[in-house]
Amino acid sequence: MPINPRAAELRQLLNEHNHRYHVLDAPIITDGEFNALFQELKAIEVADPSQLTPDSPTQKVGGYVAVGGLKPVTHAVRMLSLDNAFEDADFHKFEKVIAVELGETELEYAEEPKYDGLATSLIYIDGILNLGATRGDGDTGEDVTHTVRTVRNIPLKLRGNYPAFLEVRGEVFMPRDGFEALNKRQIEQGLKTYSNPRNAAAGSLRQLDSAVAASRPLEFCAYSLVKADGLRPETHIEAMELLKSWGIPVTPGLAVIKGFEGVKKAWENLLERRPTLNYDIDGIVFKLNKIELQEEMGFVGRVPRFAIAWKFPAEEVSTELLKVDTQIGRTGLATPVARVRPVQVGGVVVSNVTLHNWDEVARLDLHEGDTVIIRRAGDVIPQMMMSVAEKRLPDAKPIQAPSHCPRCNSEILNDTDLIKKKGKWIEVKQAYRRCQGGIVCDAQRDEMIINAVSREVLDIDGLGKTTVKTLCDMGILKDLSDVFALTYDQLITVEGMADASVNKLLAAIETAKKTELHRFLRSLGIRNAGEGTAKDLAKQFLSFDAILGKTYNDFLALPDFGPKTSLSLTKAFEPGSPIRVMAERMLSLGVDIAPVAQQDTSLAGHVYVLTGTLSQMSRGEAKAKLEAKGAKTSGSVGKKTTALIAGADGGGKLAEADALKIPVLNEDDLMRLIG
């Protein structure tokens, strides 16, 4: 069919007006006039589908559903994450590395706000948008072309003298006013609201139905030109100007900054303007402006050495302290939780603030009804900074640490630790307080069972947190051993469970009866004896019966076993203790512990730390494979660390490894290690 000249004219007009409205912020027609042109083009395309082209503005309104879920996309060039700076010293350290490497002291940076959204890659072929993909783990993302097409300021067709192939990366985000309007609509429709604009943007872009994404006020801002056939800009600013000339939105007012004084001034200026912006940012990205210098600096792990994100301090607000509750955890830890009058902090409504321990409550001098200052640490975790004593009512009651558990009325006491001084173990009182009820405390019992049946321990599919709590509340589960005595008649009475789900759960329980010794030990919920201790005991003693025959001194003689862990194990396994009685009942109900096989010790004596996201397996799986070869794994980098294994978004551990001169391995190295 021949091209309809009016359809071609309308496409050109509408793309031009879209560009003027969303990129230049300089519209020359009204919304009504735009809609009239849009409807005219849509009518032509409906009447004659051959007139529909990939760059048509009508393709932005959605209508495509990704059947079968989002497809994986392998990035030809890794999508990287950034290291963070939080204070002057962090930036000085970053700058010093560059100065030493390049032999330059007066460095020139490009600065851009760090939008709080979803990193996205766009690929254009012959000027037409061909692919949109999320970052994912940096190597593999998800194909979101169908929803990217609906983002209002992303051009479906480039303008001007564009290259045959172009890859550009940037952030998809949701403006604050659009976020507020979206949540208002969600409430009106009885739907769940989003906690912040970033979550809303990410959830919208990853929708299977593009019509849903099209209804959301998403925007895009480019921050990197990855590849443009036939072009090699000399600076980052030049690259951004090229993108802008092709119709791709970039940060307005891009600037070049020289030296630390310029960097600090730019950071302070944007921090001051931050509350007035219509979008969330959590810092500024500073990168070497010259592309040649960027290439010379290169990368460490998956982090560029030529750029850093200097984060802003968390936003602080005041609100009223209503009360402080005591939350009892799986091991009896009594944690104070402040209930405050709901207040928005950094885009999230906060009503609860965890206070860590009762010494913190005393330090803050909290009273009922106090005006308190809270912030979201790292713009994530709510944190109470202080109480405002000047605003306190004269008769306000001070918040006191509880003497008894609110769940079982057992005594709550301060933890103690044993510290060796001059060859003697001395008991030292700790800040943390703990319910002494053990598994007779229903709060501890519930959480202990939930932990024990989780995938990492006994892996009982279908027995989730809600079901466990329901069975505990019904009096069916009094401790973990009752799980292995569950019957069809008991489970069918649970609300929400039907014949199929009951039979499936009973089958999962039967499967879980065959378990490994270290998993069995972990399921018992012994204090001071976590995953590492359970694995060490299994390797050392090979059977549960052998462990039951050991004394305090036997445990204390094991490598890395201190008096605290040894005492906990001795108490747990002494005849008649609640934990031993429970364990013996589990065995009598058919729990079968597999013999411990002789281990591969090829990595014995090595300590590895994992950080970031791996593409071929989870960190937990990698950890298990390393330990299966005799290695130890740790959560923190130290002098005893053999190497840091870094996936995507490695974060601060990379800097720690660099400072201690600890080798950094990538995922390929990991795969060679575990064979």
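The values are calculated or read from the model by the stated rules, or taken from the named source; none is laboratory data. No experiment lies behind these values; they were computed from the predicted model shown. FYI the Cβ positions are ideal-geometry reconstructions off the backbone, even for glycines, and counts take in every protein chain you see.
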Among residues of the stretch 459-484, those that are part of a loop (DSSP other than H, G, I, E, B) and touching a Gly at 6+ places or on another chain (Cβ under 7 Å), counted
0
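Among the residues of the stretch 115-125, are any small (Gly, Ala, Ser) and more than 28 Å from residue 667 (Cα to Cα)?
First, the residues of the stretch 115-125 that are small (Gly, Ala, Ser): 117, 119, 121.
Those still in the list that are more than 28 Å from residue 667 (Cα to Cα) too: none.
No - not one qualifying residue is present in the stretch 115-125.
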Are any residues in the stretch 327-369 in contact with a Ser or Thr (Cβ under 6 Å, 6 or more places away or on another chain) and assigned to a strand (DSSP E or B), and if so, which ones?
327, 334, 337, 340, 341, 342, 343, 348
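Residues checked against (1) modelled with pLDDT under 90; (2) part of a strand (DSSP E or B):
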site	(1), (2)
252	yes, no
260	no, no
263	no, no
274	yes, no
286	no, yes
293	no, no
321	no, yes
325	no, yes
Answer with yes or no whether residue 542 is hydrophobic (A, V, I, L, M, F, W, C), touching a residue at least 40 places away in the same chain (Cβ under 8 Å) and under 19 Å from residue 331 (Cβ atoms).
no
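Only one of 122, 156, 166 is on the phi < 0 side of the Ramachandran plot, in contact with a Pro (Cβ under 7 Å, 6 or more places away or on another chain), in contact (Cβ under 8 Å) with a residue 12 or more places away in the chain and of a type in the set (A, V, I, L, M, F, W, C); which? Before the answer, list the steps.
On the way: 122 fails: in contact with a Pro (Cβ under 7 Å, 6 or more places away or on another chain); 166 fails: in contact with a Pro (Cβ under 7 Å, 6 or more places away or on another chain).
None of the others qualify; the one that does is 156.
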Would you check if there is a residue in the stretch 166-187 being in a loop (DSSP other than H, G, I, E, B) and buried (at least 22 other Cβ atoms within 10 Å of the Cβ)?
yes
Within the stretch 306-317, is even one residue under 27 Å from the mean Cα position of the chain (by Cα), part of a loop (DSSP other than H, G, I, E, B) and among the acidic types (Asp, Glu)?
yes
Of the residues 659, 583, 648, which is out of contact with any helix residue (DSSP H, G or I) (no Cβ under 6 Å at 6 or more places or on another chain), among the hydrophobic types (A, V, I, L, M, F, W, C) and without any contact (Cβ under 8 Å) to a residue 40 or more places away in the chain?
659
Kindly indicate whether residue 553 is in a loop (DSSP other than H, G, I, E, B) and in contact with a helix residue (DSSP H, G or I) (Cβ under 9 Å, 6 or more places away or on another chain).
no
Selection from the stretch 537-550 of residues aliphatic (A, V, I, L, M) and either assigned to a helix (DSSP H, G or I) or exposed (fewer than 15 other Cβ atoms within 10 Å of the Cβ) (or both) yields 537, 538, 546, 547, 548
Which one of the conditions (1) surrounded by 15 or more Cβ atoms within 10 Å (Cβ to Cβ); (2) without any contact (Cβ under 8 Å) to a residue 40 or more places away in the chain does residue 411 fail to meet, given that it meets all the rest?
(1)
Of residues in the stretch 251-267 being without any contact (Cβ under 8 Å) to a residue 40 or more places away in the chain and within 23 Å of residue 16 (Cα to Cα), the one farthest from the chain's Cα centre (by Cα)
253
Can you tell me which residue is nearest to residue 214 (Cα to Cα) among those in the stretch 125-152 that are touching a Leu at 6+ places or on another chain (Cβ under 8 Å) and without any contact (Cβ under 8 Å) to a residue 24 or more places away in the chain?
145
Exactly one condition in (1) free of Cβ contacts under 8 Å to residues at least 40 places away in the same chain; (2) farther than 30 Å from residue 643 by Cα is not met by residue 295; state its number.
(2)
If residue 329 passes every condition in (1) under 30 Å from residue 442 (Cβ atoms); (2) of a type in the set (Gly, Ala, Ser); (3) crowded, with 19+ Cβ neighbours inside 10 Å but one, which one does it miss?
(3)
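A quick yes/no check of all residues on (1) at pLDDT below 75; (2) under 23 Å from residue 237 (Cβ atoms):
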position	(1), (2)
13	no, no
21	yes, no
49	no, no
58	yes, no
87	no, no
107	no, yes
113	no, yes
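Take the residues of the stretch 60-70 that are under 30 Å from residue 11 (Cα atoms) and in a loop (DSSP other than H, G, I, E, B): which is modelled with the lowest pLDDT? Quick ask: steps written out before the conclusion?
Looking only at the stretch 60-70, we keep the residues that are under 30 Å from residue 11 (Cα atoms), and these are 60-67, 70.
From what is left, the residues that are in a loop (DSSP other than H, G, I, E, B) are 62-64, 66-67, 70.
On the way: 62: 47, 63: 50, 64: 51, 66: 57, 67: 52, 70: 82.
Here the answer is 62.
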From the options 477, 542, residue that is farther than 14 Å from residue 569 by Cβ, modelled with pLDDT of 90 or more and either within 31 Å of the chain's Cα centre (by Cα) or not polar (S, T, N, Q) (or both):
477
Failed criterion for residue 191 (all others in (1) assigned to a loop (DSSP other than H, G, I, E, B); (2) surrounded by 15 or more Cβ atoms within 10 Å (Cβ to Cβ) hold)
(2)
Is there a residue being in contact (Cβ under 8 Å) with a residue 12 or more places away in the chain, closer than 24 Å to residue 236 by Cα and over 25 Å from the mean Cα position of the chain (by Cα) anywhere in the stretch 170-191?
no
Within the stretch 562-599, the residues that are more than 38 Å from the chain's Cα centre (by Cα), within 20 Å of residue 486 (Cα to Cα) and surrounded by fewer than 16 Cβ atoms within 10 Å (Cβ to Cβ) are 581, 584, 588, 589, 590
Go through the residues of the stretch 498-518 one by one and say whether even a single one is at pLDDT 90 or above, closer than 28 Å to residue 574 by Cβ and in a loop (DSSP other than H, G, I, E, B).
yes
Matching residues in the stretch 519-536 - criterion: being part of a helix (DSSP H, G or I) and among the basic types (Lys, Arg):
519, 522, 535
Just for the stretch 268-320: of the residues that are under 23 Å from residue 118 (Cα atoms) and hydroxyl-bearing (Ser, Thr, Tyr), which one is surrounded by the most Cβ atoms within 10 Å (Cβ to Cβ)?
279
Exactly one of these conditions fails for residue 550: (1) under 35 Å from the mean Cα position of the chain (by Cα); (2) farther than 19 Å from residue 447 by Cα. Give me its number.
(1)
